[in-house]
Amino acid sequence: MSRTALGRQDFLDRLTTEIRRPRFAMVIAETDGLVGCAFGFPVRGDGFWWLGFEGALPRGIEQLTEPGGAFAVTDILVRPHPRNQEHDVARRLQERLLTDHQASLGATLVHRADHLVLAALRSWGWLDVGEIWRPISATLLRVPVLPVGERTAARLEELAHDAWTRWPG
């Protein structure tokens, strides 16, 4: 994430929008001060989150979303750390957010050119299941998902082997 004033304002704008969502949730990490935060909201079971998905929605995703088991992680922000522990803090924040909400599936959207974020998510076990068009961003976004728990991971294991589950170079 950008550490410029524009990056800060973009973050604040996103937070202001997201905080209005029903059942919005945020977790924070702190020591002597704020270290980082992650926030998101439960994905509605009506399929609205998946509108604009390119092609067929992968098997299992729709079933996991229906009972309210999916949770959208809309942002993770971590301050730079002298020992380069930002990725570990970010990973733990997203894990806490998902487990606190008893999610069986985490979902997020990432600009397809943001290879650093995509690589970090992949290293944490997220699977890229395709692309989605969001008119507000006027671009195709990647759709990483994270199976939470052994049973969910087993149900989605085939995702890693399907032709449409890919990571951009």
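The values are calculated or read from the model by the stated rules, or taken from the named source; none is laboratory data. This structure is a prediction, so every number in the text was calculated from the model and none was measured. Using ideal geometry, Cβ is built from the backbone for each residue, glycine included, and neighbour counts are taken over all protein chains shown. Each accessible area value is taken on the protein alone, full model and side chains, heavy atoms only, with ligands, DNA and RNA left out. Shrake-Rupley method; radii C 1.70, N 1.55, O 1.52, S 1.80 Å.
Remarks
- For the stretch 39-50, a tally of residues being open to solvent by 40 Å² or more (accessible area, probe 1.4 Å) and in contact (Cβ under 8 Å) with a residue 60 or more places away in the chain returns 0.
- In the stretch 23-34, the residues that are under 15 Å from R96 (Cβ atoms) and in contact (Cβ under 8 Å) with a residue 12 or more places away in the chain never reach a residue that is open to solvent by 50 Å² or more (accessible area, probe 1.4 Å) and assigned to a strand (DSSP E or B) with C-beta atoms less than 6 angstrom apart, at least six apart or across chains.
- Of all the residues in the stretch 71-92, those that are touching a residue at least 60 places away in the same chain (Cβ under 8 Å), over 23 Å from R44 (Cβ atoms) and touching a strand residue (DSSP E or B) at 6+ places or on another chain (Cβ under 6 Å) number 2.
- Some residue of the stretch 32-49 being part of a loop (DSSP other than H, G, I, E, B), among the acidic types (D, E) and at pLDDT 85 or above: no
- A count restricted to the stretch 140-154 and to residues that are open to solvent by less than 60 Å² (accessible area, probe 1.4 Å) and modelled with pLDDT under 90 stands at 6.
- Among the residues listed as A56, A103, A72, the single one being open to solvent by less than 90 Å² (accessible area, probe 1.4 Å), of a type in the set (G, A, S), in a loop (DSSP other than H, G, I, E, B) and under 24 Å from A138 (Cβ atoms): A56
- Of all residues in the stretch 120-139, those being more than 13 Å from the chain's Cα centre (by Cα) and either open to solvent by 60 Å² or more (accessible area, probe 1.4 Å) or at pLDDT below 90 (or both) number 8.
- Pair list, Cβ < 6 Å and 6+ apart or interchain, from the stretch 120-149 residues that are within 17 Å of L97 (Cα to Cα) and among the aliphatic types (A, V, I, L, M) to residues that are assigned to a strand (DSSP E or B) and open to solvent by less than 30 Å² (accessible area, probe 1.4 Å): L121/P144; V145/L105; V145/A107; V145/V129; L146/G106
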